[in-house]
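Participant: Next up is a structure, given as structure tokens.
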Amino acid sequence: MGDEIFAYMLLGEGRTSMDQSGADDQLLMSVEPDSTIREDTDVEVVIDRGNVHLFDTASGGALAHGLPPVSAELETETTADADD
């Protein structure tokens, strides 16, 4: 096996597709080759903002490579909102 495996993950209901023209509801992520992730399995994902790459689905052009970290103040507010 290679150094990584690519997994298509749905953000809602529907089907995954390697055709990027319909990729507005899915994420493509790389996982370790020994990952236990399997097809049709629900998983929770934590995203490392520094390693995010965003692309325009229509043109394929890069929108961003890496996102700035969430400020501690915003993170605290989000956590407090989730506790309600």
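Where a number appears in this text, it was derived from the coordinates with a stated rule and is not lab data. None of these values were measured; they are calculated from a predicted model. Backbone-built Cβ (ideal geometry, glycine too); neighbour counts: all protein chains shown.
Participant: Please give the contour-minus-distance gain from Thr57 to Ile5: 0.36 nm per residue of separation, less the Cα-Cα distance, rounded to one decimal in nm.
Facilitator: 16.6 nm
Participant: Can I ask one more? Taking K and R as +1 and D and E as -1, what net charge do the other residues with C-beta under 14 Å from the C-beta of Glu4 add up to?
Facilitator: Here the count lands on -3.
Participant: Next question, about the same structure. By per-residue mean of other Cβ atoms within 10 Å, what is the highest-first order of 59-69, 27-37?
Facilitator: Taking the mean over residues of other Cβ atoms within 10 Å, the ranking is 27-37, 59-69.
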